[in-house]
Amino acid sequence: MINSLRIAPLALACLLPTVAQAGPATAAPPGRSPPAAHCLDARDVRQVEQAGPEAIAVRGGNGVAYRIDFSGAGCPGINEASQVRLEAPAGWACGRPSESLVVDGRSCGISAVSVIDDRDFAETARASSRQFASTLPGVEVTGKAAGRGGESSPRHTFQGSADFCFATRHVRSWNEDPQGVVVETNPRRNGGNRYYRVELGGSCSILAGAQSVDFQSGFQNGLICGNPGDRIVMVGAMAGDLRSDTPRFARPGCEVLAVYPKD
């Protein structure tokens, strides 16, 4: 039997709405076991993101992130689609020839399914959201998307998602480790994520002995996502001879390259 899942936008309880998110799915029956470790439960998909036509990133109901690769010329236009169905025998997508993603009535063959980490998922989600953004943040773009009961509902441009951003006002603490910086946030305000990994552009000398730092949003929207201009900057006594009223953009700092939840 072919099992289908209809994918529709879902407003997450996080920073701001994002695009191409899977709607509430029927809970997977208890006791279901995948035929292989890399297989995705097609009955329990929560979020879909597309950065390019060759593949999509999917978040399953189990919290695991997956990459689905398409055969042939790929499968463009998923972000703009009104109806998307994942079709797979027995409800498991594993990369077999019998599996497909049906996008507004056209079928896209699936060539592979693989598990990815949160960093890769965050990178795809950020690129997916940027497809709807202009160079200025906060500009809304509307389009047709299936809502509850199949009605049309608005879509919004990139303004941030808890998958790849945190809000500066919700930062509780931070610490440095060999991979960069780990930030603790208010999980109730950041999609349930308490910790975020922040990757920096090279070594960051301002962190040596630092007691406090500040985060500067390149888009000036209070979100740190790895966007151009996102930085971690000196504050207080760390700034040495800088005046106390020196604006953050003029303070020594380090570039933020990527942000993603940390388990």
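A few points about this structure:
- THR246 meets the conditions (1) at pLDDT below 90; (2) surrounded by fewer than 16 Cβ atoms within 10 Å (Cβ to Cβ); (3) touching a Gly at 6+ places or on another chain (Cβ under 9 Å) in every case but one. The failed one is (3).
- Number of residues in region 194-207 that are part of a loop (DSSP other than H, G, I, E, B) and within 14 Å of GLY180 (Cβ to Cβ) equals 4.
- Contacts under 8 angstrom Cβ, first residue in region 237-263 being among the hydroxyl-bearing types (Ser, Thr, Tyr), partner at pLDDT below 55 and open to solvent by less than 100 Å² (accessible area, probe 1.4 Å), 6 or more apart: THR246/ALA239
- Among the residues making up region 35-92, those that are aliphatic (A, V, I, L, M) and in contact with an Asp or Glu (Cβ under 7 Å, 6 or more places away or on another chain) are ALA55, ILE56, ALA57, ALA65, ALA81, ALA88.
- Selection status of ASP163, closer than 17 Å to GLU123 by Cα and either crowded, with 16+ Cβ neighbours inside 10 Å or hydrophobic (A, V, I, L, M, F, W, C) (or both): yes
- Screening region 214-234 for residues that are in a loop (DSSP other than H, G, I, E, B) and not small (Gly, Ala, Ser) and picking the one that is farthest from THR168 (Cα to Cα) gives PRO228.
- Among the residues making up region 174-216, those that are open to solvent by less than 30 Å² (accessible area, probe 1.4 Å) and in contact with a Pro (Cβ under 9 Å, 6 or more places away or on another chain) are ASN190, TYR196, ARG197, ILE206.
- Selected residue [aliphatic (A, V, I, L, M) and either surrounded by fewer than 17 Cβ atoms within 10 Å (Cβ to Cβ) or at pLDDT 95 or above (or both)] from ALA112, ALA125: ALA112
- Of all residues in region 71-116, those satisfying the criterion of being of a type outside the set (A, V, I, L, M, F, W, C), without any contact (Cβ under 8 Å) to a residue 60 or more places away in the chain, over 14 Å from GLU54 (Cβ atoms) and in a strand (DSSP E or B) are SER100, ARG106, SER107.
The values are calculated or read from the model by the stated rules, or taken from the named source; none is laboratory data. Given the structure is predicted, the values throughout are model-derived calculations rather than measurements. With ideal geometry, Cβ positions are generated from the backbone for all residues, glycine too; neighbour counts draw on all protein chains shown. The protein model used for the area step is the full one, side chains on, heavy atoms only, and it has no ligands, DNA or RNA in it. Shrake-Rupley method; radii C 1.70, N 1.55, O 1.52, S 1.80 Å.
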